[in-house]
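Structure record follows, encoded as C-alpha cells.
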Amino acid sequence: MSSQIVWMIAGMAIVTYIPRLLPFVLFKGKELPVFVQGILKNVPYATLGALIFPGILFINEDIWFGLLGAAASFTAAFLGANVIIVVLGSIAVLSVYSFLF
Amino acid sequence: MAEIAVNKPATEYRRGLQSGISIAIGYAPIALTFGLLAKTTGLSIGETALMSLLVFAGAAQYISLSLLSLGTGIFEIILTTFIVNIRHFLMSTSLNEKWEDSQTANKAILSFGITDETFSVAAVRDEKVTSGYMLGLISISYSSWVVCSGLGHLIGASLPQTLQESMSVALYAMFVGLLVPSMKKSVKVVFLAALAAIFNIIFTLTNALSTGWAIVLATLLSAVIVELIENARNRQRRREHE
C-alpha cells in the first residue's frame, strides 16, 4: 500500500465522519427552538426531492431512460408498492427498455 | 412489560436489516463499479477496500478517483471530500431529533454510517428511530458497499452492460419509494419535495454550485420557506378565529 494513498484515505475518512458525528454531540440533550425543530422535520422530504431531481434524469446519456425510470418508480410507488418492489420493478422496466432499444 | 418487548433491540435490529435490503441492492452496482474504477486508477485492492471501509461515501469516493487520475494533490482531494460530504451535517441534525438513545456514545459510533440512503430510510420511518434499528440498517448497507467494492476490484469487471445500466436507477427508485407514501398523506410533503427538486435542478443546470452545496442549499431553502409559509397561515387562521 502506498503511504500517500493511505494518508489520503485517512484524511477523507476524518472529514467525512466529522459532519456525520458533530450534530449528535453539539445538540445533545438540547431543546432547539420550535421553528428550528419544524425545519428539521421538513429536511427529510426536502432532501428526498433534491436527491431524486435532477439526478434520476441523468442516469444515462439517453434522457428517455431516466424519464422512463422516473415514471416507472413514481407509478409503482403511487399504486402503493413497497420500496423493494418499486426498486426491482423500475430495474425490470428499464431492462426491458434497454433490451428493446 | 409489553411495551419493552415491542422495542427489543434484537427485533429492532432485524427491522433495520429488512429496511436496508433495498439500499444493499442499490449499492451493489455502484460499489462494483467503484472497485473497477479504483483498479483502473491504479489503487491496490487493499487501498480500495480500505477506502470503502473507512470513508463509506459513494460520491466522494468516485470524485477522489477522478481527481487522483488528474494528478490532484492530496490536500485538495481531502478538502473536496469535506465539501461534498458536509450535507450529512444537516441529515444528522435532523435525525438526532427522532433518534431515541440516552447514550450519546451509541449515536456517535453509529453516525459513521449515515449516508444519503440510510438517512432517508430512517428519517421517513413512522416510528421513532432506535440504535438497534440503525445498527441493522447500517450493517447491511455497509457490508454491501465494502464487499462489492472489493469484488469489483477483484473481478475487474462490473455487471453486464444492460443490467448495469438498468440498475443505475435503483437508489433513485428507492428514494421515490420512500417519498411517495408521505406525499399521498400530506400536501406539505409534496411542496417540500417539489420545491427542493426545483431549486436543485436550477443550481445543477446553471452550474452555480457543486453537487454537495446544491443539495444542502436546495434542502434548506425548501425546508425554511415551507415552514415560514405554514407559520404565516397558522397565524392567520388563529386571527380569523378570534
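The values are calculated or read from the model by the stated rules, or taken from the named source; none is laboratory data. The structure displayed is predicted, hence computed values, not measured ones. Every residue, glycine as well, gets a Cβ built from its backbone with ideal geometry; the counts of neighbours run over all protein chains shown.
Can you pull out the residues in the range B:164-173 that are more than 7 Å from chain A (Cβ to nearest Cβ) and of a type in the set (A, V, I, L, M)?
Residue satisfying the conditions is B:Leu171 alone.
Please determine, by comparing only the residues of the range B:121-151 that are in contact with a Pro (Cβ under 9 Å, 6 or more places away or on another chain) and not in a helix (DSSP H, G or I), which one is surrounded by the most Cβ atoms within 10 Å (Cβ to Cβ).
B:Thr130
Scan the range B:133-155 and tell me whether some residue there is in contact with a Gly (Cβ under 6 Å, 6 or more places away or on another chain) and among the polar types (S, T, N, Q).
yes
Just a yes or no: is a residue in the range B:65-83 buried (at least 21 other Cβ atoms within 10 Å of the Cβ), assigned to a helix (DSSP H, G or I) and within 16 Å of the chain's Cα centre (by Cα)?
The answer is yes; a qualifying residue exists.
Just one of B:Ser102, B:Ser168 is at pLDDT below 95 and farther than 20 Å from A:Asn82 by Cα; which is it?
The conditions single out B:Ser102.
Is it true that B:Leu154 is in contact (Cβ under 8 Å) with a residue 12 or more places away in the chain, more than 7 Å from every other protein chain (Cβ to nearest Cβ) and surrounded by 22 or more Cβ atoms within 10 Å (Cβ to Cβ)?
Answer is no for this residue.
Taking the condition of being in a helix (DSSP H, G or I), facing chain B (nearest Cβ under 7 Å) and buried (at least 18 other Cβ atoms within 10 Å of the Cβ), how many residues in the range A:54-82 meet it?
Number satisfying all stated conditions: 6.
Of A:Pro19, A:Pro44, A:Pro23, which residue is touching a His at 6+ places or on another chain (Cβ under 8 Å), part of a helix (DSSP H, G or I) and at the interface with chain B (Cβ under 7 Å from one of its Cβ atoms)?
Just one listed residue meets the conditions, A:Pro19.
Conditions: (1) closer than 23 Å to A:Ala72 by Cβ; (2) at pLDDT 95 or above. B:Val226 meets all but one. Number of the miss?
It fails just one condition, (1).
Do we have B:Glu240 as facing chain A (nearest Cβ under 9 Å), part of a helix (DSSP H, G or I), of a type in the set (D, E, K, R) and on the phi < 0 side of the Ramachandran plot here?
So B:Glu240 does not fit the description; no.
One residue is enough: does the range B:64-72 have a residue meeting the conditions within 12 Å of another protein chain (Cβ to nearest Cβ), of a type in the set (Val, Ile, Thr) and closer than 26 Å to B:Ala170 by Cα?
So far as the range B:64-72 goes, no, none of its residues is within 12 Å of another protein chain (Cβ to nearest Cβ), of a type in the set (Val, Ile, Thr) and closer than 26 Å to B:Ala170 by Cα.
Show the residue pairs meeting these rules: Cβ distance below 6 Å; 6+ apart or different chains; first residue within the range B:89-115 and outside the structural domain of B:Phe56 (by TED's automatic domain parsing); second residue outside any helix (DSSP H, G or I) and crowded, with 19+ Cβ neighbours inside 10 Å.
Short answer, once both residue conditions are applied: none.
Say we look at the range B:97-118 and pick out the residues that are assigned to a helix (DSSP H, G or I) and over 15 Å from the mean Cα position of the chain (by Cα); which of these is nearest to B:Ser141 (Cα to Cα)?
Here the residue is B:Ile109.
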